[in-house]
Ligand code: CTP
């Protein structure tokens, strides 16, 4: 893994020198290599579950494995796109050497990483299964709740909607992608609502069975400008790496 400056934060190397004396034909100046690093979109991907501690040994979590987000990062890195993966607590991890990998545990950790990395990226793919609720204040992780203390009630507050927060700061030209994991019957309606409400350009609707499974049966809903008609494309069930390729292709066309 790279440990140097994040790809999203890299700035062009600017030299202040006098114009060169050598005469270069205008046609040569206009030719741009299609594969210079600055041409490649900078991708920020979040993946995996969040864990919200309730004491020293327990947490609230979910069954997300991070598989799709990891496959997306691998596919983008293989194309030479500078890729940062924010990955939650899952045993899985990417093996492409060019992926910059940063780990999070809680929703608060992920919120802070997004604050640091989202502004400079060209596309944000929010595949993380973020907790909807957490204890109102960080748990005391030095002690353990005992069963002998009798029945207990766990008070939970809703978490902030991270992608909605990031969308409010979205720059023109940035592309934000969300996911909607929903019961099949209500999946598309829910996804359309989330696309609008969360200020997204694209959302991947997929049924509940996708979580922690090797395959995905997805519909991509997209809209490049607010108010425009929503386009939709449904895919047959396929392994997550195959769908990752389709989604990165779609993002490449929209950027
Ligand atoms: N998401 C987020 N912050 C949260 C919860 C979800 O950024 N606190 C993101 C997810 O990463 C995903 C999208 O929002 O890309 C939809 O997640 P989902 O859990 O379906 O949305 P919720 O806002 O939690 O909606 P619901 O009311 O259905 O729970």
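The values are calculated or read from the model by the stated rules, or taken from the named source; none is laboratory data. In this text, all values refer to a predicted model and were calculated from it rather than measured experimentally. Positions of Cβ are generated from backbone atoms using ideal geometry, with glycine treated the same way; all protein chains shown enter the neighbour counts.
Points to keep in mind about this one:
- Residue count, segment 43-94 (criterion: crowded, with 24+ Cβ neighbours inside 10 Å and at positive phi): 2
- The combined condition, being modelled with pLDDT of 95 or more and closer than 21 Å to residue 79 by Cβ, is fulfilled by residue 218.
- Residue 199 touching a strand residue (DSSP E or B) at 6+ places or on another chain (Cβ under 9 Å), farther than 19 Å from residue 64 by Cα and modelled with pLDDT under 95: yes
- Sole exception among (1) within 17 Å of residue 126 (Cβ to Cβ); (2) touching a helix residue (DSSP H, G or I) at 6+ places or on another chain (Cβ under 8 Å) for residue 211, by number: (2)
- Per this entry, residue 118 is not counted among residues that are part of a helix (DSSP H, G or I), away from the ligand (no atom under 16 Å from the Cβ) and touching a strand residue (DSSP E or B) at 6+ places or on another chain (Cβ under 7 Å).
- Elements of type strands (runs of 3 or more DSSP E) contained in segment 121-237, each with 2 or more residues being within 16 Å of the ligand (Cβ to nearest atom) and surrounded by 11 or more Cβ atoms within 10 Å (Cβ to Cβ): 123-126, 175-182, 202-207, 219-222
- Some residue of segment 28-39 being at pLDDT below 50, outside any strand (DSSP E or B) and more than 24 Å from residue 173 (Cα to Cα): yes
- Single residue of segment 97-111 satisfying the filter (farther than 15 Å from residue 64 by Cα and in a loop (DSSP other than H, G, I, E, B)) that is farthest from the ligand (Cβ to nearest atom): 97
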